[in-house]
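Derivation of every value follows stated rules applied to the coordinates shown; laboratory data play no part. These numbers come from a predicted model, not from an experiment. Reconstructed Cβ throughout: ideal geometry from the backbone, glycine too, with neighbour counts over all protein chains shown.
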Amino acid sequence: METKKTGKVIVLGNNIDTDQIYPGRFLEITNPQEIGKRCLSGVNPEIAEKFQKGDIVVAGSNFGCGSSREHAAIAIINMGASVVLADSFARIFFRNSINLGLPLITCKGISSKVKDGQLIELDIEAGELTIKETGEVLKTEKLGDYAMSILEAGGIKPLMREKMRKLKEVK
Amino acid sequence: MHAIEKILAKNSGRDKVETGEIVMAKVDFAEINDLYLQTVYSFYEMDGEKVWDKDRAAFVFDHYAPAPTIASAQIHKEMREFAREQDLTYHFDVNAGVCHQVMPEAGLVYPGMILVATDSHTTTHGAFGALGTGVGATDMATILMTGELWFRVPEVIEVRIDGMPKYGVMPKDVVLLVLGKLKADGAVYKAIDFTGTYVEQLGVAGRMVICNMAVEMGAKTAYMQPNDEVLQYVSKRAVRPYEVVFTDEGYQYSETYHFEVKDLEPQVAAPSSVDNVFNLDDVEKVKIDQAFVGTCTGGRLEDIEAAADILRGKKIAKWVRLLVIPASTEVMQESIKKGYLQELMDAGATISTPGCGPCLSAHEGVIASGEVCVSTSNRNFPGRMGSSESKIYLASPATVAASALTGYLTNPIVGGDQ
């Protein structure tokens with residue numbers, strides 16, 4: 001996993017739930033690209049249209065609250081985001097994202113410190129980010145060892161494939 | 001240790017666990033609903049071959065029951081094929097109901113177990129003294145392959161609820177009160193243990209309502225110490241032997257909140273956040289288009305009974321739709337036997353197939369732009385039940401029925417105590 005990321009941010013509010021990230025009426029879609037096109041359409045359908053690969057999603061507290069739909073994490077990844085920063089994350093969304101190899105970085109107060117379109121430089125391992133325009137440096141929370149091991153493997157799928165392969169060898 | 005910690009310790013083969021630890025625990029039952037075909041895809045993407053235990057995993061078709069579109073019919077088809085190939089012992093097709101109601105009815109939920117499902121409202125099963133928690137599709141696929149899942153041992157918050165509310169104030173009002181105080185992020189990553197004299201006397205249905213909405217505060221799981229009514233329910237149904245777990249005396253909760261519900265008035269969560277809670281009487285006059293009794297929160301026999309008690313012999317307001325969707329086939333059959341569905345239909349209700357209904361705008365009564373729905377369900381996020389320009393008020397079944405009668409948000413308690 002690339003632990004240094006630079007990109008411009010789009011800033012969302014508090015308690016952005018999974019219905020806003022990925023509305024229920026689209027749940028029957030299974031194609032990841034199609035899911036990505038509808039990302040955040042419950043907030044504003046234009047977000048996914050304008051989003052450029054490498055842009056960084058920043059949100060307030062409890063981002064991803066609500067349902068357990070993995071579509072929410074699939075949508076964010078396929079919209080082109082490679083990291084999400086928020087004041088805090090909801091639990092199931094956190095697990096889903098890490099499992100799919102999307103790092104979620106908690107940074108208390110981030111949503112009120114950056115503005116739409118500003119460029120930030122994030123260092124996940126060092127646990128800090130820099131807002132380029134102002135030069136302000138913010139501390140970010142480090143991910144736990146288990147979450148990092150999943151991310152470093154590129155998600156839980158490669159990790160499980162490896163586990164299955166080893167099991168077969170033993171047999 | 002707390003009962004929840006004891007359950008995690010037992011299932012991870014240890015004597016003791018500590019808050020914040022990551023443990024790998026055995027899952028006693030894994031349940032997948034019909035939103036999550038990705039579970040099957042992830043299973044194969046990870047080179048899964050055989051479900052770890054064919055007696056401990058099941059599909060429940062509830063969000064799209066029966067299939068409203070070709071795409072959802074395809075989802076059901078592929079899931080059925082997987083369930084047949086894997087020879088799963090239990091299967092709940094479009095004739096069953098909402099997963100959280102169907103699972104306990106089938107005896108698959110009992111005290112001391114770990115139930116993991118692809119649905120956030122799996123916290124419901126704390127009502128039975130079980131550890132229930134929701135996960136996404138890929139987490140579920142790892143369980144299907146290995147029978148276990150990693151858990152972070154959560155902090156436990158005590159929510160003590162004392163007193164007996166007056167007639168017409170329901171468990172839904174009580175949990176909305178709690179939600180209004182703790183807020184939507186009040187228990188993120190944590191567990192909530194509901195205690196107090198109110199909880200001790202509460203029946204199975206009421207317990208399920210309250211534990212169900214624990215996730216709306218961000219909780220990983222909920223817990224209530226089983227009482228006699230719970231044990232009677234479970235003993236008649238459980239498919240496996242079980243052991244009730246108890247929290248050690250003197251256990252230190254991470255936080256304690258105390259609520260007294262003796263004087264509680266009907267509550268409502270106004271658009272568009274679950275924690276935007278008010279006394280119903282403090283909300284200005286709201287005209288409604290649809291009233292909805294149903295879902296894993298408010299579609300049980302007791303909820304339908306409360307609606308029937310208010311609407312018996314009366315007619316709902318002109319231009320208002322009243323949708324009644326029993327949570328399960330068993331609930332529907334009981335409601336028919338007791339005459340509630342007949343009475344509700346006489347009053348003008350539309351009855352639909354047991355399942356999730358329009359709660360998450362999948363089908364069966366979604367709402368249009370500018371419309372207002374008062375609902376016994378659990379979420380009022382923007383666009384949750386249809387158009388992003390619609391509004392949802394969350395309330396008790398009694399409030400929903402009283403509102404259907406007048407066409408406006410209405411307090412079901414007329415002139416105080418009845």
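Could you list A:SER112, B:SER254, B:SER272, B:SER375 in order of exposure, starting from the residue whose Cβ has the fewest other Cβ atoms within 10 Å?
Lowest to highest Cβ neighbour count: A:SER112, B:SER254, B:SER272, B:SER375.
Could you work out the relative contact order of the range B:102-157, using alpha carbon pairs under 8 angstrom and six or more residues apart, expressed as a whole percent? Kindly include the intermediate steps, with their values, before the conclusion.
Working: 67 pairs, mean separation 14.3, N = 56.
Across the range B:102-157, relative contact order equals 26 percent.
About its Cα centre, the dipole of the protein assembly as shown is roughly 820 debye, where the only charges are +1 on Lys and Arg Cβ and -1 on Asp and Glu Cβ.
How would you classify the range B:223-308 from its alpha-carbon gyration tensor, with a ≥ b ≥ c the square roots of the eigenvalues: rounded for a/c under 1.5, else prolate if a/b is greater than b/c, otherwise oblate? Mind dumping the intermediate values first?
Details: a/c = 2.78, a/b = 1.49, b/c = 1.86.
Verdict is oblate for the range B:223-308.
Run the helix sum for chain B: -39,500 (n - 2.57) per DSSP H stretch of 4+ residues, divided by residue count, reported at 222 nm to the nearest 500 deg cm²/dmol. Mind showing how you got there, number by number?
On the way: 14 runs with 127 residues, N = 418.
After summing the helix terms and dividing by the residues of chain B, the value is -8500 deg cm²/dmol.
Full extension of the segment from B:ASP87 to B:ILE70, taken as 0.36 nm per residue of separation minus the current Cα-Cα distance, would add 3.6 nm.
Are there any chymotrypsin sites (Phe, Trp or Tyr not before Pro) in the range B:298-406 that are in a DSSP loop and have at most 14 other Cβ atoms within 10 Å? List them by number.
Here the sparse-neighbourhood loop sites are B:TRP319.
Pairs of alpha carbons in the range A:1-157 separated by more than 25 Å make up 21% of all such pairs. Residues whose amide H falls under 5 Å from that of B:ILE288, counting only those 5 or more places apart or on a different chain, are B:TYR408, B:LEU409, with hydrogens built in the peptide plane.
Excluding residues fewer than 8 places away in the same chain, name every one of the aspartates and glutamates whose C-alpha is closer than 16 Å to that of A:LYS53. Leaving aside aspartates and glutamates fewer than 8 places away in the same chain, those within reach of A:LYS53 are A:GLU2, A:GLU34, A:ASP116, A:GLU121. With contributions of -39500 (n - 2.57) from each DSSP H run of at least four residues, the per-residue ellipticity at 222 nm computed over chain A stands at -9000 deg cm²/dmol. Counts of other chain beta carbons within 10 angstrom of each beta carbon in peptide B:128-138 average 5. Full extension of the chain between A:GLU2 and A:GLU46 yields a length gain of 13.1 nm, computed as 0.36 nm times the residue separation minus the alpha carbon distance. Scaled to the globular estimate 2.2 N^0.38 Å, the Cα spread of the range B:352-406, given as radius of gyration, is 1.06. When the protein assembly as shown is described by a simple charge dipole with +1 on each Lys and Arg Cβ and -1 on each Asp and Glu Cβ, the residue from B:MET145, A:THR3, A:GLN33 located farthest towards its positive end is A:GLN33. Rounded if a/c is under 1.5, else prolate if a/b is larger than b/c, else oblate: which is the range B:288-418, with a ≥ b ≥ c the root eigenvalues of its Cα gyration tensor? Judged from the Cα gyration tensor, the range B:288-418 comes out oblate (a/c at least 1.5, b/c at or above a/b). Across all Cα pairs in the range B:1-144, the calculated P(r) in 5 Å bins from zero up to the longest distance comes to 2, 10, 19, 22, 20, 13, 8, 4, 2, 0, 0 percent per bin. Shape of chain B from its Cα gyration tensor (a ≥ b ≥ c, root eigenvalues): rounded if a/c is under 1.5, otherwise prolate when a/b > b/c, or oblate? Judged from the Cα gyration tensor, chain B comes out oblate (a/c at least 1.5, b/c at or above a/b).
Straight Cα distances below 14 angstrom link B:LYS10 to the aspartates and glutamates B:GLU18, B:ASP28, B:GLU148, B:GLU243, with same-chain residues fewer than 8 positions distant left out. In the protein assembly as shown, Rg over Rh equals 0.95, where Rg is the alpha-carbon radius of gyration and Rh the Kirkwood radius from pairwise Cα distances. In this structure the amide hydrogen of B:PHE259, modeled in the peptide plane, comes within under 5 Å of the amide hydrogens of B:ARG160, B:ILE161, B:ASP162, none closer than 5 places in sequence on its chain.
The calculated FRET efficiency for the pair B:TRP319 and A:GLU34, based on their C-beta separation and a Förster distance of 56 Å, comes to about 0.90.
Computed over the range A:67-158, the percent of Cα pairs more than 23 Å apart is 24. Taking every C-alpha pair closer than 8 Å and separated by at least 6 residues, the mean separation divided by the residue count of chain B gives a relative contact order of 17 percent.
Here, the range B:146-219 has an Rg and a Dmax of 13.5, 49 Å when only alpha carbons are counted. Relative contact order of chain A, taken over Cα pairs closer than 8 Å and 6 or more residues apart, is 24 percent.
Treating r as the C-beta distance of A:ALA153 and B:VAL244 and R0 as 41 Å, the FRET efficiency rounds to 0.55.
Relative to one another, the C-alpha centroids of the range A:71-112 and the range B:41-106 are positioned 28 Å apart. Under 5 Å from the amide H of A:GLU128 lie the amide H atoms of A:ASP123, A:THR140, each residue being 5 or more positions distant or on a separate chain, with H modelled from the backbone and absent for Pro and chain starts.
Computing FRET efficiency as 1/(1 + (r/R0)^6) for B:ASP53 and B:THR19, where r is the C-beta to C-beta distance and R0 is 35 Å, gives about 0.75. The DSSP beta bridges internal to the protein assembly as shown are antiparallel in roughly 30% of cases.
Residue exposure proxy: A:LYS139, B:LYS190, ordered by other Cβ atoms within 10 angstrom of their Cβ from fewest to most, comes out as A:LYS139, B:LYS190. Among B:SER72, B:SER369, a tally of other beta-carbon atoms within 10 Å of each Cβ gives an order, fewest to most, of B:SER369, B:SER72.
Model label sites at B:THR197 and B:ASN227, defined 7 Å from Cα along the beta-carbon direction, differ in position by 1.2 nm.
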